[in-house]
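Q: Questions regarding the structure given below will be posed in turn.
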Amino acid sequence: MHPTLADDLHRLPELLQSARDFAAREMNGLDDRPVAHLDKAPAPGHVPAEGAGAEGALARFAERWAPGFSGSAGPRYLGFVTGGATPASLTGDWLTSVYDQNVSGSGGSSATALERETLGWLRELFGLSEAHSGAFVSGATVSNTVGLAIAREWLGERRGVSVSRQGAGALGPVDVLSGSPHSSVAKALSVLGIGRDRLRPVPVLSGNREAVDVERLAAALDALDGHPAVVVANAGTVNTVDFDDLRAIAALRERYDFWLHVDAAFGGFAALSPSYAHLVEGLDAADSVCVDLHKWLNVPYDAAVQFTRRQDLQVQVFHNASPYLGLPGGDPDFLHLTPENSRRLRALPAWFSLTAYGREGHREIVERNVALARRLGERIAQEVPGLRLLAPVRLNVVCFTLADEPSEERVHALAHAVAASGEAFVTPTFYAGTHALRAAFSNWRTSEADTDRVFESLRRHCADLRR
Ligand SMILES: *Cc1c(COP(=O)(O)O)cnc(C)c1O
């Protein structure tokens, strides 16, 4: 063994203590550190010939890189849809690396059983029945991709071809219908050989909505003349958190032949609250469901789940047959269900957080985030004449813009000024024909005081912009 490595092995308990002390300082400092860093990152260096040992590496990281990392785990980073990591999920994440289990198969470890238990808990939380089986993936993009890959195989079944054997070309053109799909759906269609252009937009409801107009969807399906299609329903759009009427869409299957995929990346968490659960009623009727965990469950990156009612088709697409791995039979190993073979025990952070805080603890996070989004929305609408809301705050996202001249340049300038102040982070978007900003609440730490700090920063920089 190299002497530096041997030394690290010898001092492992002290090393872990140093890492723990450093991590605790960083976590405790989250409230005070700048929410974003806009300075240039250090230039890349050469690989060190002689190692510095783990303590040396930690010192170098702390000095050279850590200062430029954002406060995205903290309470005032409201860009994209960004969760943090609850204390319990962080514990689970550390232990994931300690045990370093490979959950591709169940060989010699109970780790895959823990993953199955966690998938069962999540299925319950989101109101899915046992007809849905689940698998962990790295994020909602991959979850959407897996769901649509199963949809593609199902289309093959309907048309009498095996896409997983013959290729996507055997299928002919595919129709994918959706009202306000997330950008990752187009990416998935590109990956799957279906093609981005096959994503056909269906009109949304009038009156400042992003939810699909179900009658127009029915008309679009009707025009397909009995050809099976794929419908991507959206449960929580990123700009205004609108929800398609899942029950009404599912009911269309009595008349039309389609695979129903639901992208509930963060909107699925509405199911945790009695006040908002109605928004995802009908989710169980979906053929495939995507839910992100690194957003509103507040586990560290990278974690999401994929559920489906057709695990048989999923295995056709993803099975990894090899003499030494064995063919699937019974409960298939996870490597036969997703693009990955070897991977980490992704369930452990979620298992820890759900065990630590339960359904009630996670319901509280969801409801508090929604209440804070409403608070910010109300304050923007009532107290800042220079800003205006672009939609009612339906759940956890505030979508707003400049009241005068909302040009791309000016809207981005406001986002930049807020980020440069280190007080908050919001991200630009384009909604209802105008450049806009989004403030998305999904962090477990965010308080009323944080929300008011975000508000003050927006108000101050909006006023500067008008000067
Ligand atoms: C975030 C998001 C995705 C993509 O999720 P990643 O975790 O970034 O892969 C897909 N759909 C919706 C609705 C999202 O909010």
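FYI, it's all coordinate maths here, none of it is from the lab. Keep in mind that what you see is a predicted model, and the values were worked out from it rather than measured. Here the Cβ is made from the backbone with ideal geometry for all residues, glycine too, and neighbour counts use every protein chain on show.
Q: Which percent, to the nearest 5, of DSSP beta bridges fully inside the chain are antiparallel?
A: Within the chain, antiparallel bridges account for around 60 percent of the total.
Q: Let me ask another. Can you pull out the GluC sites (Glu not before Pro) in region 8-75 whose DSSP state is coil and whose Cβ has at most 12 other Cβ atoms within 10 Å?
A: Numbers: sites: GLU14, GLU26, GLU50, GLU55, GLU63; in loops: GLU50.
Counting only loop positions with at most 12 other Cβ atoms within 10 Å, the GluC sites (Glu not before Pro) in region 8-75 are GLU50.
Q: Please sort by residue number the GluC sites (Glu not before Pro) in region 101-164 whose DSSP state is loop and whose Cβ has at most 13 other Cβ atoms within 10 Å. Intermediate values should be presented prior to the final figure.
A: Working: sites: GLU115, GLU117, GLU124, GLU130, GLU153, GLU157; in loops: GLU130.
Answer in residue order: GLU130.
Q: Next question. Exactly which trypsin sites (Lys or Arg not before Pro) in region 30-121 are in a DSSP loop and have at most 15 other Cβ atoms within 10 Å?
A: Sparse-neighbourhood loop trypsin sites (Lys or Arg not before Pro): LYS40.
Q: If eta is 0.890 mPa s and T is 25 °C, what Stokes-Einstein diffusion coefficient results for region 257-362, Kirkwood Rh from Cα pairs, in µm²/s?
A: After rounding, the answer is 157 µm²/s.
Q: Further question: Within the chain, which complete DSSP H helices have Cα atoms spanning at least 15 Å along the helix axis and a mean Kyte-Doolittle hydropathy of -0.5 or higher?
A: Counting only whole DSSP H runs, the qualifying helices are 12-28, 53-64, 87-99, 111-125, 140-159, 347-383, 408-421.
Q: Suppose every Lys and Arg Cβ carries +1 and every Asp and Glu Cβ carries -1, with no other charges. What dipole size does region 102-344 come out with about its Cα centre, to the nearest 20 debye?
A: Numbers: 20 positive and 28 negative charges, 107 e Å.
Dipole of region 102-344, to the nearest 20 debye: 520 debye.
Q: Arranged from highest to lowest average of other beta-carbon atoms within 10 Å per residue, in what order do the peptides 100-111, 288-299 appear?
A: In decreasing order of mean packing, 100-111, 288-299 become 288-299, 100-111.
Q: If you wrap a convex hull around the alpha carbons of the chain, what volume per residue comes out, as a whole number of Å³?
A: Output value, Cα hull per residue: 172 Å³.
Q: In 10 Å bins starting at 0, how do the alpha-carbon pair distances of region 232-272 split up by percent?
A: Reading upward from the zero bin: 29, 50, 20, 1.
Q: Let me ask something else about it. Placing +1 on the Cβ of each Lys and Arg and -1 on the Cβ of each Asp and Glu in the chain, which of SER178, VAL98, LEU114 has its Cα farthest towards the positive end of the resulting dipole?
A: Selected residue: SER178.
Q: OK, next. Considering only LEU354, LEU372, HIS336, whose Cα is most displaced toward the positive end of the charge dipole of region 328-377, charges sitting on Cβ of Lys, Arg (+1) and Asp, Glu (-1)?
A: Result: LEU372.
Q: Per DSSP helix of 4 or more residues, -39500 (n - 2.57); summed, then divided by the residues of the chain. What does that give at 222 nm, rounded to the nearest 500?
A: Taken over the chain, the calculation gives -13000 deg cm²/dmol.
Q: Another question, if that's okay. Any idea what diffusion coefficient region 102-344 gets from Stokes-Einstein, in µm²/s, Kirkwood Rh on alpha carbon pairs, 10 °C, 1.306 mPa s?
A: 88 µm²/s
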